[in-house]
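Q: Below are the structure tokens for one structure; questions will follow.
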Amino acid sequence: MTLEDEKSGTSAKVDQMLVRIFTEQLLEDEWKELYQALWTRYSPMIMKRLRSDYAVNEVFQDWMIALYQASNKKIPDNPVGYSMQILLNKIVRYIRKQIEYRQHEVELETAATKYTEEEVWVFGNTVDTSNMLFRLHIQESLSKLSETGRQYFILHNYCGYTCKEIAYFYDDTFAAVTKRIQRTKKKILTSFYHVNTNLIIPKSSS
């Protein structure tokens, strides 16, 4: 058997296993074999498009999960082509998320350095003090937050993104994003009144 014959045989077996995904449950050893075969065949193509080891691994893992979840579902007209389309969709989605992320980073940087009255507006009437004092405090507080906490808070309050949109951008849950933003707001207010002990926290604060 020549090398080309061997490659052809391996390729045919992989295609057969992709078809079987939609007709029966593959054994654990078969999944491992399919995983390795698909990695060998398609990781170079993914790398060519994404140019990052991390990105290749992430997209490939997402693809394998999608294939596993497709098990025992309705058989597509072209199982192999359908599987490849899933992979291409994963690649495109990753690229779009990276583009959106870079755009958001610019917005974050702009919003974090803005020196306006918006910081006070975010907290409504819970802060009864001079705008200048509170602006200085919130800028200092934001610099001490975790990167994720700072991003969620600024994207939602200053850039106008909904919690649902932020959850999609960062591959998080709606509940997790909402709770983190609420905790951040409460933390900033609490620390502000802790430092300024002569001030009384209004009853309307949350």
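The values are calculated or read from the model by the stated rules, or taken from the named source; none is laboratory data. This one's a predicted model, so the numbers in the text were calculated from it and none came from an experiment. The protein model used for the area step is the full one, side chains on, heavy atoms only, and it has no ligands, DNA or RNA in it. Shrake-Rupley method; radii C 1.70, N 1.55, O 1.52, S 1.80 Å.
Q: Of 184, 40, which has the most accessible area and how do the rest follow, probe 1.4 Å? Kindly include the intermediate steps, with their values, before the conclusion.
A: Details: 184 10, 40 95 Å².
Result, largest first: 40, 184.
Q: To continue, here is another question. Using protein chains only and a probe of 1.4 angstrom, how many square angstrom of residue 82 are accessible, to the nearest 10?
A: Rounded to the nearest 10, that gives 110 Å².
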